[in-house]
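Step one of this worksheet: look at the structure below.
The values are calculated or read from the model by the stated rules, or taken from the named source; none is laboratory data. A quick note: this is a predicted structure, and the numbers were derived from the prediction, not measured. Ideal geometry is used to build each Cβ from the backbone, glycine not excepted, and the neighbour counts take in all protein chains shown.
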Amino acid sequence: MALKASRSYKDLSFTFKTNPLRKDLNILKDENAIKRSLLNLFSYRKGEKFFNASFGSGIPDLLFESKIRSPVFQKNWASLIFL
């Protein structure tokens, strides 16, 4: 029985610190890369991405919405962002 090849996910770290051994940017791998990508996708506002005005979400607008102050919302928001 042959094993199925697994996927590996990679993304750049936004700290832009260089690795002292390779003199290259640090790379996020697998789970951390997926978390960072999802955070990036959710942080776009509608109309913020060039040539694709319908791309984005309302999540950044809800973050600073003054009407939403319930502890339940705050708890759910934190669990959504910090997977």
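Things worth noting here:
- Subset of segment 34-54 (residues that are closer than 17 Å to PHE14 by Cβ and in contact with a Ser or Thr (Cβ under 9 Å, 6 or more places away or on another chain)): ARG36, LEU41, PHE42, SER43, TYR44
- Helices (runs of 4 or more DSSP H) (entirely within segment 11-83) containing at least 1 residues that are loosely packed, with under 13 Cβ neighbours inside 10 Å and either of a type in the set (S, T, N, Q) or at pLDDT 85 or above (or both): 30-43, 71-81
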